[in-house]
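Participant: Below: one structure in structure tokens.
Read-outs: derived from the displayed coordinates by stated rules, not from any lab. Just so it is clear, the model here is predicted, and its values are computed rather than measured. All Cβ positions, even for glycine, are placed from backbone atoms using ideal geometry, and neighbour counts span all protein chains on display.
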Amino acid sequence: MTSVLITGIRELATNDATHPGPDDHRDPTGLLGLVDNAAVVLEGSTIAWVGPASSAPAADTVYDAGGRAVIPGYVDSHSHLVFSGDRAQEFAARMTGEPYSAGGIRTTVADTRAASDEQLMSHVARLVAEMRAQGTTSLEIKSGYGLTVHDEARSLAVARHFTEDTTFLGAHVVPADTTPEDYVDLVTGPMLTAAAPHARWIDVFCEDGAFDVDQARAILAAGTDNGLRGRLHANQLTYGAGVQLAAELGLVAVDHCTYLADDDVSALADSGTIATLLPGVEFSTRHPYPDARALIDAGVRVAIASDCNPGSCFTSSMALCIALAVREMRMSPAEALHAATAMGAAALDRDDVGVIAPGKRADLVLLDAPSYLHLAYRPGVPLVAGVWQGGRPVAPLV
Ligand code: NIG
Ligand code: FE
């Protein structure tokens with residue numbers, strides 16, 4: 001097995017709290033386990049050693065980071081990459097006053113059904129490559145733009161080529177040609193049977209215009225009976241009971257959490273369910289940003305993800321999400337990076353990624369910057385100078 005010593009790292013964010021970290025403004029609470037003047041040794045696909053460059057062991061090859069920063073690869077725990085077509089005109093209409101509504105999903109459903117397997121596959125491959133080049137090394141992908149037994153199963157089969165973290169979202173919206181009752185029967189019956197072999201998770205869009213809390217409860221229960229684990233889209237467009245349901249069921253994560261009542265916040269704090277915030281959605285729909293600061297201060301665990309999809313948010317950039325989380329949701333830069341990496345991994349119940357420590361998968365991002373702070377300090381600037389995924393350089397190291 002070949003080993004690689006990455007040295008000359010000006011600042012390494014490990015997410016490993018055993019590193020005491022510097023005493024300055026970069027990470028006042030020690031969340032990121034920063035190590036200055038650091039080195040990392042990769043052995044095959046895993047991390048073998050982390051520490052000060054001055055005491056690094058020898059390795060087969062050496063890469064000099066030249067005084068730049070290294071962070072863990074992003075873990076994007078929420079995306080909808082299996083689709084065809086785009087809705088740029090819907091976005092333009094929104095920016096001139098139209099509201100966002102769940103119904104727009106049906107436009108993408110028609111385009112997705114019309115696409116061939118090969119077209120879907122190459123489209124997802126292009127988006128995954130786009131993400132990887134921006135530092136995302138782990139991701140979740142949902143179905144939800146097929147909404148027939150065949151189209152949901154093939155969407156998940158396509159997603160499985162790119163990640164183990166695939167999510168069955170047959171309950172995205174009720175298709176135009178059926179009733180809600182019949183559709184829930186389909187989702188919990190034949191569609192679930194066809195989807196389950198390709199999925200790890202099951203999700204429901206619990207919202208006005210999509211599925212109510214009783215339907216969501218029934219769909220999640222059916223998923224659990226078929227070996228899938230639940231997650232939920234909730235409280236995105238309105239206040240509602242979705243977040244409470246997620247907390248009651250002890251789901252690992254509930255996503256969006258834009259409209260939260262005080263009871264929702266305390267339920268999340270008590271259950272430990274992660275609130276996955278998706279700031280790109282608020283950016284792209286002109287809804288108010290959730291107050292991550294209030295959530296964190298109340299003891300809620302917070303992750304951030306892209307929600308990359310053609311309707312409510314078509315960004316694949318976790319760096320943009322970090323900048324928005326810092327500026328608009330009152331997260332500290334350290335909390336935002338942690339939420340996009342270690343907490344994304346927690347939201348997928350993964351302990352092999354999101355942390356730079358011995359034994360973890362060698363997923364690292366080299367930034368063209370002296371500190372991770374530049375992710376929010378220099379918003380919109382492409383700062384990724386290289387990416388290692390499972391120990392392999394997958395984006396040019398410059
Ligand atoms: O996460 N909220 C539901 N689903 C997606 C949007 C889907 C769409 O508009 O196409 C979301 O925002
Ligand atoms: Fe989503």
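Participant: Among Ala88, Ala176, Ala221, whose mean-square fluctuation peaks in a Gaussian network model of the chain (Cα, cutoff 10 Å)?
Facilitator: Ala176
Participant: Kindly identify segment 38-155 as rounded, prolate or oblate by the Cα gyration tensor criterion: order the square roots of the eigenvalues as a ≥ b ≥ c, call it rounded if a/c is under 1.5, otherwise compare a/b with b/c, prolate if a/b is larger, else oblate.
Facilitator: Because a/c hits 1.5 or more and a/b exceeds b/c, segment 38-155 counts as prolate.
Participant: Let me ask something else about it. Roughly what would the spin-label model give for Asp297 and Glu98, points 7 Å off Cα along C-beta, in nm?
Facilitator: 3.8
Participant: So if we plug the beta-carbon distance of Asp263 and Arg327 into 1/(1 + (r/R0)^6) with R0 = 22 Å, what FRET efficiency do we get, rounded to 0.05? Don't skip to the end; give the middle numbers.
Facilitator: Working: r = 28 Å, r/R0 = 1.27.
My answer for the efficiency is 0.20.
Participant: If the only charges are +1 at each Lys and Arg Cβ and -1 at each Asp and Glu Cβ, what is the size of the charge dipole of the chain around the Cα centre, to the nearest 20 debye?
Facilitator: Rounded to the nearest 20 debye, it is 980 debye.
Participant: Related question: Between Arg106 and Thr178, what is the spin-label point distance in nm, taking each point 7 Å from the Cα along the Cα→C-beta axis?
Facilitator: 1.5
Participant: What share of Cα pairs, in percent, lie more than 17 angstrom apart in segment 55-111? Don't skip to the end; give the middle numbers.
Facilitator: On the way: 1050 of 1596 pairs.
Value for segment 55-111 (Cα pairs over 17 Å): 66 percent.
Participant: OK, next. Strictly greater than 21 Å: what percent of every Cα pair in segment 138-230 meets that?
Facilitator: Tail of P(r) above 21 Å: 20 percent of Cα pairs.
Participant: With label points built 7 Å along Cα→Cβ from the Cα atoms of Asn37 and Arg378, find their separation and express it in nm.
Facilitator: Modelled inter-label distance: 2.3 nm.
Participant: Residues with amide H under 5 Å of Lys142's amide H, sequence separation 5 or more or different chain, H placed in the peptide plane at 1.01 Å from N; which?
Facilitator: Ser79, His80, Leu81, Val82, Thr167
Participant: Related question: Give me His123, His338 sorted ascending by neighbouring Cβ count inside 10 Å, so fewest comes first.
Facilitator: Values: His123 18, His338 25.
Listed from fewest to most nearby Cβ atoms, that is His123, His338.
Participant: Sticking with this one: Please give the contour-minus-distance gain from Asp24 to Asn226: 0.36 nm per residue of separation, less the Cα-Cα distance, rounded to one decimal in nm.
Facilitator: Additional length available on full extension: 67.8 nm.
Participant: Out of all Cα-Cα pairs in segment 75-347, roughly what percent, to the nearest whole number, are more than 32 Å apart?
Facilitator: The calculated P(r) of segment 75-347 puts 14 percent of pairs beyond 32 Å.
Participant: Collect residues whose amide H, placed 1.01 Å from N in the peptide plane, falls under 5 Å from the amide H of Asp255; neighbours closer than 5 in sequence don't count.
Facilitator: Under 5 Å from the amide H of Asp255 lie the amide H atoms of Leu232, His233, Ala234, Thr276, each far enough along the sequence or on another chain.
Participant: Cut-off 10 angstrom, C-alpha nodes, Gaussian network model of the chain. Which of Gly21, Gly30, Gly97 fluctuates the most?
Facilitator: Comparing Gly21, Gly30, Gly97 in the GNM, the peak value goes to Gly97.
Participant: Next question, about the same structure. Distance from the Cα centre of segment 118-155 to that of segment 235-302, in angstrom?
Facilitator: What the calculation gives is 25 Å, centre to centre.
Participant: Quickly estimate the mean residue ellipticity at 222 nm for the chain, helices only: each DSSP H run with n ≥ 4 gives -39500 (n - 2.57), and the total goes over all residues, rounded to 500.
Facilitator: Computed mean residue ellipticity for the chain: -9500 deg cm²/dmol.
Participant: Still on this structure, I have one more. For segment 76-123, what relative contact order do you get, as a whole percent, if you take Cα pairs closer than 8 Å and at least 6 residues apart?
Facilitator: So the answer I get is 59 percent.
Participant: If you take the square roots of the eigenvalues of the alpha-carbon gyration tensor of segment 230-309 and sort them as a ≥ b ≥ c, do you get rounded (a/c under 1.5), prolate (a/b over b/c) or oblate?
Facilitator: Prolate is the answer for segment 230-309, as a/c is 1.5 or above and a/b outweighs b/c.
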